[in-house]
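A.B. asks: What follows is a single structure, and I will ask about it in a moment.
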Amino acid sequence: MRLSTLPPAVLVTFLCAFACAQTEKTVYKDLAAKAPELVKLQSELEQTVPQGVSIQAREVFRSGTSGNGLEVRYNMYVKGVPPGATFRQVQFPVDPDKPIPGIEGITLNSDGLMICAGRTSTQCRNGDKLDSPVVFVQHDPLKGEPRRSVFLAPNLKIAISVVPDPVLSVDRGCTIKAIRLSAKFELARIEGSGFTPNSDVHIRFSDDENAGASIIAADGQITTAHGGDTNVAVTADGQGLIQTATLFNTSRNPRGRETVEITEPRCSPKISYEWGVF
């Protein structure tokens, strides 16, 4: 049957289904190509703190619940930087391809708290208030979504990644969490801590066997395709940390739920998250 002989409604549905399938394939193909870079970016943003310097986000307010008007506010504390340093913020959201400018003219008080001093033209200000703490506000964060910032001063770069609504589990001193690295959580960074240094840590991934999932190594290389119930081993580093990533093919299956579980005798933290949705 030729397409022109189909009723208009059927023809539109047919063409839309074909076009949508092609679009989903293209989106997944593009994401798969960028996945190593996105995994690497998260690693770099978590590790970009110079030796002798520390940065800490302290939660000062929380209201609402996950997916229902959640709002979280933080103050930032920095230690180990030269006195008088002035920072500008650059934000790295999960969705956009390019970083977004943030607050400029941030300074520190004697406790290392980021403030808007408002005393010179190069310092940010809060109306007529002097030395006002900078409050970083996160509205309606997605589950597992990192809010990432780099603070830049002359010859200094400090990054921090904060997850206001985490996917996280702790069991007998071991922690596992999933970090959203794509808009619909198709790409997730799996991180763990509290394991025996330099040991093999066994992880079970349980997903729909038709989901077309891949496991990505710590260096960002796609190493193993898996379907159904899959067990892998990753090596903890000298601090007992582990990391890997998983990528789902939404052109094959638009959404699903992934469960990630540590299968060690000493501890067995377990997380579950939905992918394919905002």
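The values are calculated or read from the model by the stated rules, or taken from the named source; none is laboratory data. Because the structure is a prediction, the values reported are computed rather than measured. Every residue, glycine as well, gets a Cβ built from its backbone with ideal geometry; the counts of neighbours run over all protein chains shown.
A.B. asks: Output the residue which, of all residues in the stretch 106-129 that are surrounded by fewer than 18 Cβ atoms within 10 Å (Cβ to Cβ) and either in a strand (DSSP E or B) or of a type in the set (Ser, Thr, Tyr) (or both), is modelled with the highest pLDDT.
C.D. replies: The selected residue is Leu113.
A.B. asks: Can I ask one more? Which one of these does Gly69 not meet: (1) of a type outside the set (Val, Ile, Thr); (2) within 22 Å of Pro164 (Cα to Cα); (3) surrounded by 13 or more Cβ atoms within 10 Å (Cβ to Cβ)?
C.D. replies: (3)
A.B. asks: Which pairs turn up if I take residues in the stretch 175-187 that are at negative phi and look for partners that are of a type in the set (Phe, Trp, Tyr) and in a loop (DSSP other than H, G, I, E, B) with beta carbon separation below 7 Å, at least 6 apart in sequence or on another chain?
C.D. replies: Qualifying pairs under 7 Å: Ala183/Phe278; Lys184/Phe278; Glu186/Phe248.
A.B. asks: Suppose the filter is touching a helix residue (DSSP H, G or I) at 6+ places or on another chain (Cβ under 8 Å) and either touching a residue at least 12 places away in the same chain (Cβ under 8 Å) or acidic (Asp, Glu) (or both); does Phe92 pass it?
C.D. replies: Yes.
A.B. asks: Moving to a separate point now. Residue check: is Val167 within 30 Å of Thr250 (Cα to Cα), of a type in the set (A, V, I, L, M, F, W, C) and out of contact with any Leu (no Cβ under 7 Å at 6 or more places or on another chain)?
C.D. replies: Here the answer is yes, as Val167 does meet what is asked.
A.B. asks: Report yes if some residue within the stretch 164-174 is surrounded by fewer than 20 Cβ atoms within 10 Å (Cβ to Cβ) and free of Cβ contacts under 8 Å to residues at least 24 places away in the same chain; otherwise report no.
C.D. replies: yes
A.B. asks: Among the residues of the stretch 100-109, is there at least one that is in contact with a Leu (Cβ under 9 Å, 6 or more places away or on another chain) and over 30 Å from Lys34 (Cα atoms)?
C.D. replies: no
A.B. asks: Out of (1) closer than 22 Å to Glu191 by Cβ; (2) among the charged types (D, E, K, R); (3) within 18 Å of the chain's Cα centre (by Cα); (4) not assigned by TED's automatic domain parsing to the domain that holds Ser182, the odd one out for Lys40 is which?
C.D. replies: For Lys40, the failing item is (4).
A.B. asks: Go through the stretch 130-206 and tell me which strands (runs of 3 or more DSSP E), entirely inside it, have 1 or more residues that are touching a Cys at 6+ places or on another chain (Cβ under 8 Å) and farther than 29 Å from Leu31 by Cα.
C.D. replies: Ranges flagged: 167-171, 174-180.
A.B. asks: Looking only at residues that are farther than 17 Å from Ile216 by Cα and charged (D, E, K, R) in the stretch 238-278, which one is modelled with the lowest pLDDT?
C.D. replies: Checking each candidate, the answer is Arg252.
A.B. asks: Restricting to the stretch 26-48, give me the number of residues that are touching a Ser or Thr at 6+ places or on another chain (Cβ under 8 Å) and over 14 Å from Leu247 (Cα atoms).
C.D. replies: Residues flagged as touching a Ser or Thr at 6+ places or on another chain (Cβ under 8 Å) and over 14 Å from Leu247 (Cα atoms) within the stretch 26-48 amount to 3.
A.B. asks: Now, a different point. What are the residues in the stretch 39-64 that are at pLDDT 95 or above and under 23 Å from Asp140 (Cβ atoms), if any?
C.D. replies: Hits for the stretch 39-64 are Ala57, Arg58, Glu59, Val60, Phe61, Arg62, Ser63, Gly64.
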